[in-house]
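Here's the structure we're looking at; comments come further down.
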Amino acid sequence: MAVQTRLISKCERRNKTAREEISKAWYEVLKNVKGIRYMGIEKVFKEKFHRAVAVAEERGMKGAWVEGASYGVASSLIYVAEAALFYVGAVLIANGRYTYLKMVQVLNLVVFTVTIGSQLMAFTQKIAKSTQASHDLMLLTHLSTSNTSESKGILKPSQSVLSSGPVSFRNISFAYPSNPNTLTLKSFNLTIQPGECVAVVGASGSGKSTVAALLQRMYEPLEGRIRFGDFDVCDVDAGVLRSGMGVVEQSVKVFEDKSVEENILYGQVDMDEAGKAQVVRRAAELANIDWISPDEGDGFKAILGEVSGGQAQRIGVARALARSNDIDDDGLHLLILDECTSALDVENQRQVMEAITNIRSARRHENLKMVVVTHKVEVMRMCDRLVVIKDGQVVENGEYEELMEKKGGVFRELARGGVWET
């Protein structure tokens with residue numbers, strides 16, 4: 001029985017892995033269905049899915065053979081035992097060494113034992129599956145929740161306190177966990193003052209988006225400190241820190257079957273109807289959502305429907321602003337725009353840039369810090385200062401015109417080399 005359990009457990013682990021590969025292949029197709037159709041590579045993913053199914057089928061057949069064979073052995077044990085006992089008992093009775101009554105007693109005991117054993121063996125597959133499921137569950141339950149980087153921060157300063165001081169990177173060195181031997185940032189230093197809009201620029205792979213990720217505390221630096229005013233980022237509760245941040249990335253997820261209001265307030269639940277209406281109206285105004293009139297028809301209660309890339313980005317900007325229940329106070333201390341205009345045409349880029357201008361000129365936003373990761377020249381011109389990164393270090397720092405006039409400068413060479421787009 002122990003051998004049977006080990007064999008079936010091994011087969012079950014293999015079957016589980018094969019089923020997971022099928023799920024991964026299916027999810028990959030669903031997630032990237034538009035791109036797959038655009039490139040006409042349906043056949044590639046179809047073959048990949050079929051290979052995963054074929055592997056699962058092969059392993060399932062092997063597992064079924066092991067299970068069927070073991071079940072057959074278990075079922076036949078009782079008959080083999082009875083035949084052997086009848087034969088041995090008959091010989092012993094014929095030789096006068098056993099009486100008929102004793103032989104029947106032994107036969108009953110052995111048959112009872114073998115029957116119980118065969119019934120237990122019939123449950124071996126269920127036991128193996130339960131064992132594997134319990135093992136996976138125990139791995140989850142034993143995951144540490146008290147020894148993670150995010151669990152270390154316990155301070156909960158107000159958003160107004162976080163917004164009143166500068167954000168500073170001090171001698172930061174960082175490598176991604178998947179590639180620990182390659183430093184993405186090396187002795188990186190940067191300070192962003194309240195109310196300042198800083199563009200982080202550089203060639204591809206220079207570490208621009210890493211700066212944005214560290215600001216959101218998605219990772220911890222290997223060396224150095226990141227400070228928000230008087231607070232070390234590692235000492236601040238991660239939830240408190242992020243609740244005052246707005247982030248707009250290159251690809252904004254919108255829900256076409258939800259209302260405009262639901263898209264803007266995505267994840268916000270602690271507001272009454274009046275508060276929601278006020279926040280949505282103000283966020284839409286600043287984000288330049290001008291294709292919907294709040295006073296006509298259903299207004300922001302209307303279903304969003306299909307939108308362009310630029311409209312989706314403006315929804316993303318409004319969503320970032322709506323992180324604060326009162327958009328015009330200091331509830332939002334940092335706005336991160338990570339390549340949010342990189343995939344847009346000229347007109348949509350202009351609309352998003354107008355939204356950025358609206359935010360910067362809005363009353364009582366003098367403490368809002370903005371970090372813009374971009375390779376668009378017009379976006380760079382809007383920023384107070386450009387920080388040029390090369391090989392994980394800040395190599396130049398200044399206004400756009402100043403850096404363009406710097407002979408032999410890294411930024412000027414990149415601009416002349418056609419790296420930046422208008």
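The values are calculated or read from the model by the stated rules, or taken from the named source; none is laboratory data. On a predicted model such as this, the values are computed, not experimentally measured, just so you know. A quick note on method: Cβ atoms are made from the backbone with ideal geometry, for glycine too, and the neighbour counts reach across all protein chains shown.
Before moving on, here are some points about what is shown:
- In the stretch 155-183, residue farthest from Gln393 (Cα to Cα) [restricted to those that are touching a strand residue (DSSP E or B) at 6+ places or on another chain (Cβ under 7 Å) and among the hydrophobic types (A, V, I, L, M, F, W, C)]: Leu155
- Among residues of the stretch 175-203, those that are farther than 20 Å from Cys383 by Cα and without any contact (Cβ under 8 Å) to a residue 60 or more places away in the chain, counted: 8
- Residues (modelled with pLDDT under 70 and loosely packed, with under 15 Cβ neighbours inside 10 Å) located in the stretch 145-174: Thr145, Ser146, Asn147, Thr148, Ser149, Ser151
- Qualifying residue in the stretch 110-128 (condition: out of contact with any Gly (no Cβ under 6 Å at 6 or more places or on another chain), at pLDDT 80 or above, exposed (fewer than 11 other Cβ atoms within 10 Å of the Cβ) and not in a loop (DSSP other than H, G, I, E, B)): no
- The one condition in (1) touching a helix residue (DSSP H, G or I) at 6+ places or on another chain (Cβ under 8 Å); (2) modelled with pLDDT of 75 or more that Thr5 fails to fulfil: (2)
- Residue that is nearest to Ser206 (Cα to Cα) [pool: residues in the stretch 366-411 that are basic (Lys, Arg) and in contact (Cβ under 8 Å) with a residue 60 or more places away in the chain]: Lys390
- Val260 within 20 Å of the chain's Cα centre (by Cα) and of a type outside the set (Lys, Arg): no
- If you go through the stretch 282-313 and keep only what is under 19 Å from Val247 (Cα atoms) and crowded, with 19+ Cβ neighbours inside 10 Å, you end up with Ala283, Ala284, Leu286, Ala287, Asn288, Ile289, Gly310, Gln311, Ala312, Gln313.
- Within the stretch 65-96, the only residue that satisfies the criterion of being modelled with pLDDT of 80 or more and closer than 20 Å to Ala18 by Cα is Trp65.
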